[in-house]
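Asks: This is the structure, below, for whatever I ask next.
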Amino acid sequence: MDLFDRITRLGAAAALAGSVALGSAAATAQEGDPIRVGILHSLSGTMAISETTLKDVMLMLIEEQNEAGGLLGRPLEAVVVDPASDWPLFAEKARELIEQEEVDVVFGCWTSVSRKSVLPVFEELNGLLFYPVQYEGEESSRNVFYTGAAPNQQAIPAVEYLMSDEGGGAERWVLLGTDYVYPRTTNRILRAFLNANGVSDDDIMETYTPFGHSDWQTIVAEVQEFASQGLPTAVVSTINGDANVPFYKELANQGISAEDIPVVAFSVGEEELAGLDTEPLVGHLAAWNYFMSVDTPENEAFIAGWHDFIGDDARVTNDPMEAHYIGFNMWVQAVEQAGSTEVDAVRQAMYGQTVPNLTGGVAVMNTNHHLSKPVLIGEILEDGQFDVVWETDDVVVGDAWSDFIPESSVLTADWTYPWVCGNCETPRFQ
Amino acid sequence: MPIRVNRALVLAFALALVLGVLAAPSRSLAQEAEFAELVATLATGDFAEKTAAIAALTATGDPRVQPMLEAMADRRLYLREEDGLVAIGEDDAEGLRLIDVLTGEEAGIVGSRDVDRIRANNRMRGIIRSALGTMTLMNPDAAVRLEAAETVFRSQDEGALDALEQALAAEADDAVRAAMEKARAAILLGSEDAVLRLEAVEALSSFTDPDIRSMLAALLVQDQDGTFAETDEAVRAAATEALDAIEQRLALWRTAGHIYQGISLGSVLLLAAIGLAITFGVMGVINMAHGEMVMLGAYTTFVVQQLFRDYMPGLFDFSLFVAIPAAFLVAGAAGVAIERGIIRFLYGRPLETLLATWGLSLILQQLVRTVFGPTNREVGAPSWMQGAIETTAGITLTYNRLYIILFCLIVFAGLIMVLRRTPLGLQMRAVTQNRQMAKAMGIRTGRVDALTFGLGSGIAGMAGVALSQIDNVSPNLGQSYIIDSFLVVVFGGVGNLWGTLAGAFSLGIANKLLEPYAGAVLGKILVLVAIILFIQKRPRGLFALKGRAVEA
């Protein structure tokens, strides 16, 4: 364990040197104690593939804010910790950030299980977490702002699109997912939605696979069989991360094109497509609130800033990065408005904050701690980018509790008076 | 008399010619305006209008339609913002070179912001393709004709019948003929004439195709008052009979397909486990870093392909042949280093070995993550590994899986040869069977240990080359295979290569036969439970080693 020890010590030394450099540079620019911003993203382990980029984008946003004069006349300081894709460690690191590092806000988490694991810590210590990833909904915590999409901002519009004439008029549905909470909940909502739209259970096939499933031969053959009943068929994929690549490869190798059976995915974005042989995926769909290919001045500036910061023009941007961009700017505005970084004051100031989306229009923070954002559907192109084929006319209000699950449809999340509640049937103060 | 007739004919012909010449410009002018309007609708209309425009355009039979629609399907059709010109765009060094679809002339070079790409989503491309399907039935390329016939078959478009019959009469290629006849029968299924329908059902009954099954099943659907979709009783009887026959053949093919998939999964398991069969099975080292050797092999493939891309892009198809020995050497060298650096101090202490190699696997993962980045790396498939053999019954045998089965058997045979026919193999077997005696006979056991471990690791590296073709090349690649590998080796019988072979294939086939019934998650659990029960009954696995080595 000698070697291991030395490596960790080396890493710690490097991190220390980095933060000292950052701190001193900032201190020369502004007066006052720094405002500390916690970043809770896995930098090692299985989730590092997705979360490392989010750490980088946070560092970029903080650097830009410092160049623009900091916040409340004080510099911002990033405190980066590595929860190593280990769910219990997320809770420990969250506690460390709030209690020992005394950060004013935390940006972090990717998987739902990591969010569920830190939730009690944030609620107990009254911390503030910005969660940037699309998720299954059915949650609204007083201490979390959800800047990613709720199911009604991603899954439902995608299914509506595929049902429409334009999207292929699908009548049979394959709900394909990895076996954990996000796909199970999303598919439950989708099944209820499909049933409500006259699709019978016979026309829905729901299949789950273990994590990292790499042998898709049988399932793809089953999908093909299911699709050969003469009715247009579509696949809704909540397959997690790495298992997507072998799935799409198998689809392409078995000669199923996006024109025969379109696959719409909720976890495949630009970052996942970078470093992939995209040929088998061309024409398949993804639903997000942001695509790098959207041509707006805001997006162009964001991408240029990202390339500058990371020093590599080949790096892509994606939806969770935009979520952090929106979340961070809203937090900055809320702090300025509140004149303090104190959590309760900032939370009150968050409601109704607006930040321009990178894809046009304006994102609004609602009192249920979810955003109003536009929904876009794109087809995958050869170069790993998306061709936007459909978008909502206006922003969609994020719904914490799904209208399509009977026991959830009666619940309301509203953190302002008289409700002040994340899951109540009646207001707490009447 | 004959002269007069001739004269009358000539006169009539001349008249027709004059009339034709007179009529032609006026007709084509009106047509031209209509054509231009259809093109404009294609660019700016909503979805329904666009669809109608595509149908109308194909009906004109104009030679400009095919390239225009093809460009639209390939996302190369643009609308110039300033004047509404519809043009095909070609990438040029200076921007986008526009070619006017109406005149076929070049219309200048523009930047990407000056034009709008005319959106064509999957559905639109499907409509375009079936519209083009009829137009390409006479294409000189047999593959295009085959595709066209398949498109017509799926659309069951009655409008295509005439074109199809013409094409059928001229068709020489057998495979294309069969596809066209299938398409013709599918169209005739919707004919008014019961005799034609009966003929169609009989023609279709000889094909084994899930699509046909659903077409036939649609005939037998009853509505609420009990009337069948197909009114003629003879046709219904024929359809029922044909349906049964097709169902039977399909079920047979499906089972065959599952067994093939099982063999394919088994070959992947065998590849991943075969190196472990040496390090764990023969040497008895519990090597948790085995998966990372596989990962190193996959990353070696990536590096080799990167070099090919940079220096010899023309020879890219051969990159795997370089990657295989390279991966063997890299992973093998890593294996020797691990054995000499760590494991040799831990022989006879399995728990410490387990912990040390597990730690090592974490270090290797993070090392790769630091060097190559946490995201997936792109490993391309050479052209000869892409695609599949399509059987008529909807079962596809993909080339990459076929080659992996082949590769796995070659590696297995090679390993058996090394163990049985080379001095190194002899020494390895001697050391594992009786270390003291081997030492006494003058074998340098330390060197043999290092080489054995290196051989096992090197084979894991070669497995990485194969796995890079079907799985992600990411730092986590190895983790997903380590448990399965141990399972295969333990199930097959520790120390027995043939046991590993049998174990891998029986696990693969069992998994794939269970999957359609139990689902992927439950199927895997069932297999695990079965193995646990089996190991209770036979702790030494399928093929237990006998003799003194076991007791030692």
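The values are calculated or read from the model by the stated rules, or taken from the named source; none is laboratory data. In this text the structure is predicted, and so the values were computed from the model without any measurement. Here Cβ is always computed from backbone atoms with ideal geometry, including for glycine, and neighbour counts include all displayed protein chains. What goes into the accessible areas is simple: the full protein's heavy atoms, side chains included, and nothing from ligands, DNA or RNA. Shrake-Rupley method; radii C 1.70, N 1.55, O 1.52, S 1.80 Å.
Asks: What are the ³J(HN,Hα) values, in whole Hz, obtained from phi via the Karplus relation 6.51 cos²θ - 1.76 cosθ + 1.60 with θ = phi - 60°, for each residue of segment B:208-217 in sequence order, with x given for Gly and Pro?
Replies: For segment B:208-217, the Karplus curve yields 10, 8, x, 5, 5, 4, 5, 5, 5, 4 Hz.
Asks: Tell me, what is the per residue accessible area of the protein assembly as shown in Å², probe radius 1.4 Å? Spell out each step's value before the answer.
Replies: Numbers: 42590 Å² over 982 residues.
I get 43 Å² per residue for this part.
Asks: Calculate I(q)/I(0) for segment B:253-328 by the Debye formula, one identical point scatterer on each C-alpha and no solvent, and give its log10 at q = 0.28 Å⁻¹ to two decimals.
Replies: Evaluating at q = 0.28 Å⁻¹ gives log10 I(q)/I(0) of -1.15.
Asks: Then there's this: By how many degrees, 0 to 90 and rounded to 10, does the Cα axis of helix B:290-311 deviate from the longest principal axis of chain B?
Replies: On a 0 to 90 degree scale, this one is about 50.
Asks: Only helices at least 27 Å long along their own axis, judged from Cα atoms, and with Kyte-Doolittle mean hydropathy of -0.5 or greater: name those in chain A from DSSP H. Write out the running numbers ahead of the final one.
Replies: Values: long enough: A:2-29 (41 Å, 0.88); A:48-67 (29 Å, -0.02); A:319-338 (28 Å, -0.18).
Going by DSSP H runs, the hits are A:2-29, A:48-67, A:319-338.
Asks: With a cut-off of 19 Å, note down the residues of segment B:292-327 whose backbone N falls inside the zone around a label point 7 Å from the Cα of B:ALA143 toward its beta carbon.
Replies: Only B:316-318 pass the distance filter.
Asks: Check A:ILE35: other-chain or 5+ apart residues with amide H under 5 Å from its amide H, H built from backbone geometry?
Replies: The answer is A:LEU76, A:GLU77.
Asks: Still on this structure: Ranking request for peptides A:422-430, B:96-104: highest mean number of other beta-carbon atoms within 10 Å first, then the rest in descending order. Spell out each step's value before the answer.
Replies: Details: A:422-430: 11.7, B:96-104: 17.3.
Ranked by mean Cβ neighbours within 10 Å, highest first: B:96-104, A:422-430.
Asks: Rank-order B:477-490, A:147-160, A:69-82 by packing density, defined as the average count of other C-beta atoms within 10 Å over each peptide's residues, highest first.
Replies: Numbers: B:477-490: 23.1, A:147-160: 24.9, A:69-82: 19.4.
In decreasing order of mean packing, B:477-490, A:147-160, A:69-82 become A:147-160, B:477-490, A:69-82.
Asks: If you count the DSSP beta bridges with both ends in chain A, what percent of them are antiparallel, to the nearest 5? Intermediate results must be reported in sequence, preceding the final value.
Replies: Numbers: 19 of 52 bridges.
Bridges in chain A that DSSP calls antiparallel: roughly 35 percent.
Asks: Relative to the compact globular guide of 2.2 N^0.38 Å, what is the alpha carbon radius of gyration of chain B, as a ratio?
Replies: Numbers: Rg = 33.3 Å, N = 552, 2.2 N^0.38 = 24.2 Å.
Ratio of Cα Rg to 2.2 N^0.38 Å: 1.37.
Asks: Here's a follow-up. Mind checking which lysines have their Cα closer than 17 Å to the Cα of B:LYS512? Skip sequence neighbours fewer than 8 apart in that chain.
Replies: B:LYS524
Asks: For a Förster distance of 51 Å, can you work out the FRET efficiency between the beta-carbons of B:TYR399 and B:THR370, rounded to the nearest 0.05?
Replies: Numbers: r = 35 Å, r/R0 = 0.69.
Rounded to the nearest 0.05, the efficiency is 0.90.
Asks: Further question on the same structure: Could you give the C-alpha radius of gyration of segment A:285-408 expressed as a fraction of 2.2 N^0.38 Å, taking N as the number of residues it contains?
Replies: Numbers: Rg = 16.3 Å, N = 124, 2.2 N^0.38 = 13.7 Å.
Taking N as the residue count of segment A:285-408, the ratio is 1.18.
Asks: Moving on to the next point. In square nanometres and to one decimal, what's the mean projected area of the convex hull around the Cα atoms of the protein assembly as shown? Mind dumping the intermediate values first?
Replies: Details: hull surface 212.5 nm².
So the Cα hull casts an average projection of 53.1 nm².
Asks: Before anything else, pin down the relative contact order of chain B: Cα pairs under 8 Å, at least 6 apart, normalised by residue count, whole percent.
Replies: On the way: 741 pairs, mean separation 80.2, N = 552.
About 15 percent, as a whole number.
Asks: Let me ask you something else. Roughly speaking, what % of Cα-Cα pairs in segment A:319-378 are separated by over 19 Å, rounded to a whole number? List each step's numbers first, then the result.
Replies: Values: 498 of 1770 pairs.
Tail of the P(r) past 19 Å holds 28 percent of the pairs.
Asks: Using DSSP, restrict attention to beta bridges with both residues in the protein assembly as shown and report what percent are antiparallel, rounded to the nearest 5. Don't skip to the answer; put the middle values down first.
Replies: Values: 39 of 72 bridges.
Antiparallel bridges make up about 55 percent of those DSSP assigns within the protein assembly as shown.
Asks: What residues have an amide H closer than 5 Å to that of A:VAL81, excluding those fewer than 5 places away on the same chain, when H is modeled at 1.01 Å from N in the peptide plane?
Replies: A:ILE39, A:HIS41
Asks: For segment B:81-182, just the Cα atoms, rotate onto the principal axes and tell me the three extents in Å, largest first.
Replies: In descending order, the Cα extents are 48, 25, 21 Å.
Asks: Within 10 Å of each Cβ of A:276-286, how many other protein chain Cβ atoms are there on average?
Replies: On the way: counts 7, 5, 1, 3, 2, 0, 0, 3, 1, 2, 0.
If you average over the peptide's residues, the count of other-chain Cβ atoms is 2.
Asks: With equal scatterers on the alpha carbons only and no solvent term, can you work out the Debye log10 of I(q)/I(0) for segment B:180-266 at 0.18, 0.21, 0.22, 0.25 1/Å?
Replies: -0.75, -0.93, -0.99, -1.19
Asks: Here's a follow-up. Nearest 100 Å² is fine: how much accessible area is buried between A and B, summed over both sides, with a 1.4 Å probe?
Replies: Details: alone 17740 and 29500 Å², together 42590 Å².
Answer for the A-B pair: about 4600 Å² buried.
Asks: Using square roots of five times the C-alpha gyration tensor eigenvalues, list the equivalent-ellipsoid semi-axes of segment A:175-244 in whole Å, biggest first. Present the calculation step by step, with values, prior to reporting the outcome.
Replies: Details: eigenvalues 85, 57, 11 Å².
Values for segment A:175-244, descending: 21, 17, 7 Å.
Asks: Note the per residue figure in Å³ for the convex hull of the C-alpha positions in segment A:18-166.
Replies: So the per-residue Cα hull volume is 134 Å³.
Asks: Oh, and also: If I take R0 = 51 Å and measure r between the Cβ atoms of B:SER206 and B:TRP498 in this structure, what FRET efficiency does the formula 1/(1 + (r/R0)^6) give, to the nearest 0.05?
Replies: After rounding to 0.05, the efficiency reads 0.70.
Asks: Which values, in whole Å and largest first, are the semi-axes of the equivalent ellipsoid of segment A:136-293 obtained as the square root of 5 times each eigenvalue of the Cα gyration tensor? Before the final figure, lay out each step's value.
Replies: Working: eigenvalues 104, 78, 47 Å².
That gives 23, 20, 15 Å for the three semi-axes.
Asks: Kindly provide the Kirkwood hydrodynamic radius of segment B:232-284 in Å, to one decimal, from all pairs of distinct alpha carbon atoms. Before the final figure, lay out the partial values.
Replies: Details: mean 1/r = 0.0688 Å⁻¹.
Across segment B:232-284, the inverse of the average 1/r is 14.5 Å.
Asks: If you don't mind, there's one more thing I want to ask. Considering only protein heavy atoms and a probe of 1.4 Å, how much of the accessible area of chain B is carbon and sulfur, as a whole percent?
Replies: Values: 16860 of 27160 Å².
Reported share for carbon and sulfur atoms: 62 percent.
Asks: Below 21 Å, Cα to Cα, which lysines can B:LYS182 reach? Residues fewer than 8 away in the same chain don't count.
Replies: Filter leaves no residues.
Asks: Can you give the convex hull volume per residue for the Cα atoms of segment B:424-496, as a whole number of Å³? Could you put the intermediate results ahead of the total?
Replies: Numbers: hull volume 7.7 nm³, N = 73.
Given the Cα convex hull of segment B:424-496, per-residue volume reads 106 Å³.
Asks: Can you run phi through the Karplus equation (6.51, -1.76, 1.60; θ = phi - 60°) for segment B:313-321 and list ³J(HN,Hα) in whole Hz, with x for Gly and Pro?
Replies: x, x, 9, 3, 4, 9, 4, 5, 5
Asks: Of the accessible area of chain A, with the probe set at 1.4 angstrom, what percent is carbon plus sulfur?
Replies: That share works out to 52 percent.
Asks: Okay, next question. If you wrap a convex hull around the alpha carbons of segment B:219-368, what volume per residue comes out, as a whole number of Å³? It would help to have the intermediate numbers written out before the result.
Replies: Working: hull volume 37.6 nm³, N = 150.
It comes to 250 Å³ per residue, whole-number rounded.
Asks: Then there's this: Given the DSSP H assignment, sum -39500 (n - 2.57) over each helix run of at least 4 residues in the protein assembly as shown and divide by its residue total; what's the result at 222 nm in deg cm²/dmol, nearest 500?
Replies: On the way: 33 runs with 541 residues, N = 982.
Only helices count here, giving -18500 deg cm²/dmol.
Asks: While we're here: Taking C-beta distances below 4.7 angstrom as the pairing criterion, name the unpartnered cysteines of the protein assembly as shown, in sequence order.
Replies: A:CYS109, B:CYS408
Asks: Run down the lysines and flag those whose C-alpha is under 29 Å from the C-alpha of A:LYS373, throwing out any fewer than 8 positions away in its chain.
Replies: Hits, sequence-local ones excluded: A:LYS55, A:LYS116.
Asks: Per residue of B:492-502, what is the mean number of Cβ atoms on other protein chains within 10 angstrom of that residue's Cβ?
Replies: Working: counts 0, 0, 0, 0, 0, 0, 0, 0, 0, 0, 0.
Per residue, the average neighbour count from other chains is 0.
Asks: Using θ = phi - 60° and the Karplus relation 6.51 cos²θ - 1.76 cosθ + 1.60, list the HN-Hα couplings for segment B:272-287 in order, rounded to whole Hz, with x at every Gly or Pro.
Replies: So the Karplus estimates, Gly and Pro as x, are 5, 8, 5, x, 5, 4, 7, 6, 8, x, 8, 8, x, 8, 7, 9 Hz.
Asks: For A:GLY148, which sequence-distant residues (separation of 5 or more, or a different chain) have an amide H within less than 5 Å of its own amide H, given hydrogens modelled in the peptide plane?
Replies: When sequence neighbours closer than 5 places are left aside, the close amide H contacts are A:VAL133.
Asks: Can I get the semi-axes of segment B:139-196's equivalent ellipsoid? Compute them from the C-alpha gyration tensor as square roots of 5 times the eigenvalues, in angstrom, largest first. Please report the intermediate quantities before stating the final value.
Replies: Working: eigenvalues 79, 23, 17 Å².
Calculated on Cα positions only, the semi-axes equal 20, 11, 9 Å.
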